[in-house]
Amino acid sequence: MDAEQVEALRVLLAPTGFVTRARAFARTLRSAPRGPGALLLVGTPEHEPWHLAAHLADESRYAGVPELSPTLVRWSPPVGAPPHLSTGLARLERARRGEALLVVSPEAARDALLERLHDARKAGATILALDRGDQALAELAHDQLTVGPAAAALTFDAAQHLVSAAAGEPPAPRGAAGGAGLRSRLARLLEAVSGPATGP
């Protein structure tokens, strides 16, 4: 996907309001963790958000915002996994105020996760959800971004790219219109992934 395709996707999604909602969600994601290591990222046993973790870590470096670099929380980390891949669900039980839990779930969240999120919220952690309209998650989340039928042209993976790129944007000056910033960040991210677009 090159920068022109990203722009075409943005134009296609403009009537749905999804890009605006993604930017607002990303602002919450950027501001909720209160220090390095305070962003916990968890998916499902079938869909661990590896790519989002990598993109957020990249955005953290590019933007100079260490709070954006996530800890990937895994359902069943294998014995002997390297430290950055060995954090299990028990980490959610220690979540506290100043930490944010980002749940990335293309399917309904399991009860085992919902219980931990409930306890983390009671302990003061901020709960964020990127999902397909999970009502149980909506009841727990402080902020939720739903990839639903209104954004039919958008895959769940593409939505994660939009969120990570927007999270790395510097906050727009008060009263500024912020379209170009996200476009340039997306173009730079896509160039880093797929190489520069070639002209005619």
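Read the figures in this text as sums done on the coordinates, not as results from a lab. In this text the structure is predicted, and so the values were computed from the model without any measurement. Backbone-built Cβ (ideal geometry, glycine too); neighbour counts: all protein chains shown.
Per-structure values
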| quantity | calculated |
| --- | --- |
| Prolate/oblate/rounded call for segment 19-178, Cα gyration tensor, a/c under 1.5 rounded | rounded |
| 15 Å beta-carbon shell around Gly148, net charge (K/R +1, D/E -1) | -1 |
| Local net charge near Asp119, Cβ-Cβ under 14 Å (Lys/Arg +1, Asp/Glu -1) | +3 |
| Computed lengthening from Val11 to Ser31, 0.36 nm per intervening residue step minus Cα-Cα distance | 4.5 nm |
| Ala54/Ala123 FRET efficiency (R0 30 Å; Cβ-Cβ; nearest 0.05) | 0.60 |
